[in-house]
Number of protein chains: 2
Amino acid sequence: MSSSMNDSIKHDSREGFHWTKKDGLKRGLPSSSVIQPGTNLQAHNNVYDTTIIGAGYTGLTAARDLTTSGLSVLLLEARDRIGGRTWTSTINGHQYELGGQYVHWGQPNLWRELSRYSMQQDIDACLDPTGGPNISTVLTKEGLKSMSKEENAAIMDSAFQKFINIDGDLGKSIMPLPYDPTLVSEAVHLDELTLKDRINQIQQDLEPLERTILEGLLLSLTGGKLETTGFFGVLVLWALCAYSLDCLVRAAAAFKLRRGQSDFARRFFQEALDSQKLSYAFNCPVASVKDRVGQIEVITKDGLHFWTKRVICTVPLNVLSSIYFDPPVRELSDDVLAGINSNQSTKLHVITSSGALSSWDGLTYPHNRLVHASGEGTTSWGDSHLVCFGASYNHIDPEDNIEETLAAVKIFHQDIDVKSMVFHDWSKDEYSKGGWCSYTATAATKYLGKLRASRGKVILASSDWALGWRGFIDGAIEEGTRAAFTVKTELAKEPKA
Amino acid sequence: MSSSMNDSIKHDSREGFHWTKKDGLKRGLPSSSVIQPGTNLQAHNNVYDTTIIGAGYTGLTAARDLTTSGLSVLLLEARDRIGGRTWTSTINGHQYELGGQYVHWGQPNLWRELSRYSMQQDIDACLDPTGGPNISTVLTKEGLKSMSKEENAAIMDSAFQKFINIDGDLGKSIMPLPYDPTLVSEAVHLDELTLKDRINQIQQDLEPLERTILEGLLLSLTGGKLETTGFFGVLVLWALCAYSLDCLVRAAAAFKLRRGQSDFARRFFQEALDSQKLSYAFNCPVASVKDRVGQIEVITKDGLHFWTKRVICTVPLNVLSSIYFDPPVRELSDDVLAGINSNQSTKLHVITSSGALSSWDGLTYPHNRLVHASGEGTTSWGDSHLVCFGASYNHIDPEDNIEETLAAVKIFHQDIDVKSMVFHDWSKDEYSKGGWCSYTATAATKYLGKLRASRGKVILASSDWALGWRGFIDGAIEEGTRAAFTVKTELAKEPKA
């Protein structure tokens with residue numbers, strides 16, 4: 001699939017928002033993630049080998065792996081597009097990642113797929129300190145403090161090392177194998193700690209500026225809240241990233257796809273479609289999944305009924321309770337599900353006149369409803385592109401509070417003159433109800449095993465309960481791969497119909 | 001496939017050597033990598049979709065990916081086993097990795113496969129400093145110098161940082177994207193440097209002990225020779241490993257598979273076999289590959305003829321010239337091929353009485369024909385298991401020089417009492433003619449593109465010309481994945497027979 005082909009297949013999604021000075025707020029963004037026609041379903045009496053609920057990276061990976069193995073797949077997606085919490089809009093030739101964005105060879109499942117599609121060279125740095133002024137600002141009680149990025153990184157590194165050094169060995173002793181919870185039994189009690197608990201343990205060692213920068217970083221990483229988000233997930237991420245903050249920043253927040261995530265996601269979809277084993281329907285939320293002895297019945301909110309041998313349900317944690325399962329997923333009640341993901345974050349793209357902020361970054365936590373912003377280069381017409389993040393802490397919904405959002409952006413830097421904003425409000429999105437997954441304290445110990453457990457012919461698969469890069473695109477692909485392999489292995493044992 | 005199943009399917013390979021005090025040197029080792037029956041070929045008049053030459057990880061990955069996509073594959077292997085330069089022997093219940101060994105989540109293609117087979121938790125640390133005495137020894141002119149592993153690591157880290165700091169930014173500026181040679185045009189001239197050239201540039205900054213430890217590390221990493229092995233490959237590996245020696249050591253030499261590499265390799269083979277699309281023959285070296293307009297003819301050394309639409313040739317660089325290609329691979333003459341891989345290394349497992357050396361490590365370079373040794377734990381009967389590495393420098397072939405090999409092992413530590421040795425002599429192996437691939441200086445610039453280039457219906461695929469973890473298992477899987485995807489995509493465009 002060539003780049004130009006992708007450009008020509010852009011359609012309008014009803015999702016996302018675009019605000020401009022001239023036209024105000026408009027709902028809907030153009031994106032190559034919108035698939036048309038929206039369904040290829042025909043009169044169907046057949047039983048699908050597998051029905052996959054959700055066309056994010058988990059569902060796309062599973063759909064591709066199963067269809068190319070010769071199994072028939074029905075892919076049902078509530079949205080009008082692929083990608084789930086990851087999608088790209090291109091407006092006036094400029095690219096915006098509305099959700100998941102970052103890629104790196106340290107994310108193994110993601111990188112394997114980029115490698116398979118020969119895209120290892122199609123990546124760009126998000127932050128290029130050589131591309132403009134090398135300035136970091138931090139809003140303190142005394143006003144805006146300016147420093148070089150290296151100075152900021154040194155403070156951040158020092159503070160983070162104090163934070164993560166739970167074993168006197170920077171986590172290396174207590175978390176040698178981040179993928180193996182059973183090997184870190186000494187670490188399990190750490191799951192009781194919130195971010196705040198851990199900060200309290202080391203607060204006497206933190207200078208005020210260190211503490212502000214550390215807390216801002218933790219909120220940007222987790223999208224959460226210091227009082228509820230767990231320390232454990234940060235420790236796992238740290239171990240995944242070679243016990244180095246430099247590596248963590250590179251692996252989790254430094255590189256993006258040149259042609260955008262939706263171009264990448266389309267490759268999975270197209271490969272599945274090319275197999276001629278994929279049936280799909282967008283705009284098709286699922287109401288219930290019922291095990292009818294021998295087969296599963298899947299009923300959509302519009303009243304369509306489908307029969308299938310297996311179901312892979314990939315909807316996020318925060319909306320898992322919107323589907324009625326029979327038999328029920330008892331141990332995961334609505335209360336439980338609502339309490340696991342602490343991430344109610346905001347990601348906001350801002351275009352500001354003048355290119356002077358293209359490589360700046362700034363922290364306004366805790367004095368603002370947005371936490372952190374950074375320049376991500378220059379548009380073709382010479383403006384700066386900023387990406388701002390808010391968290392659950394002091395959460396803001398931009399679509400309901402445009403004036404307040406504009407004011408929050410201005411707090412970052414007096415030179416910001418907002419010409420336009422692009423965003424997806426994940427908290428108010430009924431199919432995500434929050435951002436990427438960041439477990440509250442104790443949730444990993446209590447629920448990770450249950451979420452991953454086998455439940456007969458229904459498999460729950462999502463980045464939200466991946467073993468490794470939980471909450472990341474990598475975790476989604478990890479889970480889609482696992483689910484497809486499980487189904488393929490199980491169905492191979494059954495007599496052919 | 002359960003562990004016990006694997007244990008029960010162990011057969012004797014004719015490869016590898018076992019030396020014991022009692023019985024001397026014996027050729028052949030038991031291994032689950034030996035597949036029986038050795039062929040499933042029946043009378044064949046059909047044209048295979050793809051013929052794969054070589055059943056190492058590249059060939060196994062390609063065979064699995066293609067067969068599970070419904071394509072017919074003929075897998076031809078010269079050896080009596082799968083795995084190529086990676087295989088495991090279990091003797092008296094103790095496991096020996098004869099070649100490739102190390103696994104880590106920083107190796108993305110490898111890790112994706114471990115993840116897909118749900119093996120992320122089946123890994124063990126090779127080196128456990130908590131498991132025994134924490135001692136590193138270095139042989140100097142003044143005698144054996146003893147230090148803690150931390151002291152040794154600190155010297156190594158300091159020396160390596162001087163070595164790798166080619167841009168004043170520890171390589172981060174000059175090599176931001178190790179997978180993208182086109183993005184590091186500023187780095188291309190570095191490919192002219194040998195390891196020795198680079199050491200000469202910094203020699204005034206190196207203490208004698210730093211230099212010895214650095215050179216020993218470089219020889220262990222590359223299996224090469226300071227005067228010929230290129231600096232560039234080490235820089236790429238460094239960039240892949242987060243610009244951190246701690247990360248590099250963890251990612252490249254610290255963890256192994258609990259049930260061994262051959263158990264892992266068998267999963268690929270078994271999955272391909274289960275697809276019922278795999279034909280295979282072991283003990284079946286290929287003589288020639290001839291493009292006969294429309295189809296390819298593959299002729300084995302035993303005179304068997306096969307017809308196929310595509311060929312994926314996975315034999316290593318050093319034996320590529322043993323196959324006659326028509327049309328020829330002109331730009332890669334025998335002279336060229338012989339000059340690319342500088343690795344003629346030795347890997348030697350040693351069992352020594354007493355468990356006192358289970359966590360020791362030692363360096364005897366340049367005063368010995370072996371470079372480096374380290375304890376890899378204790379056998380179930382209480383002996384220490386040591387792994388010794390030699391390089392191209394002062395190369396030794398153990399099978400021809402048992403007495404000298406025993407003497408070389410003794411030089412590491414006076415307490416070593418060799419009870420047995422297990423090894424595979426990769427240099428004398430006609431199907432490898434050397435170790436894992438380490439390019440000579442200038443080879444990456446001159447030949448990497450040519451080795452990776454499209455050549456019609458024949459694809460050359462090997463870890464020896466992978467983009468990322470070149471020479472590693474990860475690179476083999478990267479290449480097998482690429483080759484299978486290429487073939488699948490191309491054949492989908494052709495009219496079905």
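Scanning segment A:293-338 for residues that are among the aliphatic types (A, V, I, L, M), more than 26 Å from A:Lys277 (Cβ to Cβ) and in contact with a strand residue (DSSP E or B) (Cβ under 8 Å, 6 or more places away or on another chain) gives A:Leu317, A:Leu320, A:Val329. The requirement of being within 14 Å of chain A (Cβ to nearest Cβ) and open to solvent by 10 Å² or more (accessible area, probe 1.4 Å) is satisfied by B:Cys247. Restricting to segment A:43-98, name every residue that is in a loop (DSSP other than H, G, I, E, B), in contact with a helix residue (DSSP H, G or I) (Cβ under 7 Å, 6 or more places away or on another chain) and of a type in the set (S, T, N, Q). Correct list: A:Thr68, A:Ser69, A:Thr86. Determine whether A:Gly93 is on the phi > 0 side of the Ramachandran plot and either touching an Asp or Glu at 6+ places or on another chain (Cβ under 6 Å) or within 12 Å of another protein chain (Cβ to nearest Cβ) (or both). When the stated conditions are applied, A:Gly93 does not pass them. Take segment A:339-373 and flag every residue that is modelled with pLDDT of 95 or more and touching an Asp or Glu at 6+ places or on another chain (Cβ under 6 Å). Listed by number, the residues that qualify are A:Ile351, A:Thr352. The condition of being open to solvent by less than 20 Å² (accessible area, probe 1.4 Å), closer than 26 Å to B:Lys488 by Cβ and hydroxyl-bearing (Ser, Thr, Tyr) holds for only one of B:Ser136, B:Ser89, B:Ser115, B:Ser72, that being B:Ser115. Looking across B:Gly375, B:Gly339, B:Gly362, one residue alone is touching a Ser or Thr at 6+ places or on another chain (Cβ under 9 Å) and either of a type in the set (D, E, K, R) or open to solvent by 30 Å² or more (accessible area, probe 1.4 Å) (or both). It is B:Gly339. Per the listing A:Arg259, A:Arg292, A:Arg267, the residue uniquely surrounded by fewer than 23 Cβ atoms within 10 Å (Cβ to Cβ) and within 14 Å of chain B (Cβ to nearest Cβ) is A:Arg267. If the condition is being more than 14 Å from chain A (Cβ to nearest Cβ) and in a loop (DSSP other than H, G, I, E, B), then segment B:104-151 contributes B:Gly132, B:Pro133, B:Ile135, B:Lys141, B:Glu142, B:Ser148.
Being at pLDDT 95 or above, among the hydroxyl-bearing types (Ser, Thr, Tyr) and open to solvent by 20 Å² or more (accessible area, probe 1.4 Å) is the filter here, so list the residues in segment A:451-496 that pass it. Within segment A:451-496, A:Thr486, A:Thr489 meet the criteria. Filtering segment B:406-432 to residues that are within 21 Å of B:Gly355 (Cα to Cα) and either open to solvent by 40 Å² or more (accessible area, probe 1.4 Å) or out of contact with any strand residue (DSSP E or B) (no Cβ under 7 Å at 6 or more places or on another chain) (or both) leaves B:Ala407, B:Ala408, B:Lys410, B:Ile411, B:Gln414, B:Asp415, B:Asp417, B:Lys419. Considering segment B:1-20 alone, what residues qualify as being at pLDDT 95 or above and open to solvent by 60 Å² or more (accessible area, probe 1.4 Å)? The answer is B:Asp12, B:Arg14.
The listed residues are A:Asp49, A:Asp23, A:Asp80, and the only one of them that is within 25 Å of A:Leu406 (Cβ to Cβ) and open to solvent by 10 Å² or more (accessible area, probe 1.4 Å) turns out to be A:Asp23. Once segment B:186-244 is narrowed to residues that are acidic (Asp, Glu) and at pLDDT 95 or above, the residue that is farthest from B:Ile174 (Cα to Cα) is B:Glu207.
Pairs are defined by a Cβ separation below 6 Å, a sequence spacing of at least 6 or placement on different chains, a first member in segment B:78-96 that is closer than 29 Å to B:Val286 by Cβ and of a type in the set (A, V, I, L, M, F, W, C), and a second member that is part of a loop (DSSP other than H, G, I, E, B) and open to solvent by less than 10 Å² (accessible area, probe 1.4 Å); the pairs so defined are B:Ile82/B:Ser33; B:Ile82/B:Ala55; B:Trp87/B:Ser33; B:Trp87/B:Leu98.
The values are calculated or read from the model by the stated rules, or taken from the named source; none is laboratory data. Keep in mind that this is a model prediction, so the values were computed, not measured. With ideal geometry, Cβ positions are generated from the backbone for all residues, glycine too; neighbour counts draw on all protein chains shown. Heavy atoms of the whole protein, side chains included, go into the accessibility calculation; ligands, DNA and RNA do not. Shrake-Rupley method; radii C 1.70, N 1.55, O 1.52, S 1.80 Å.
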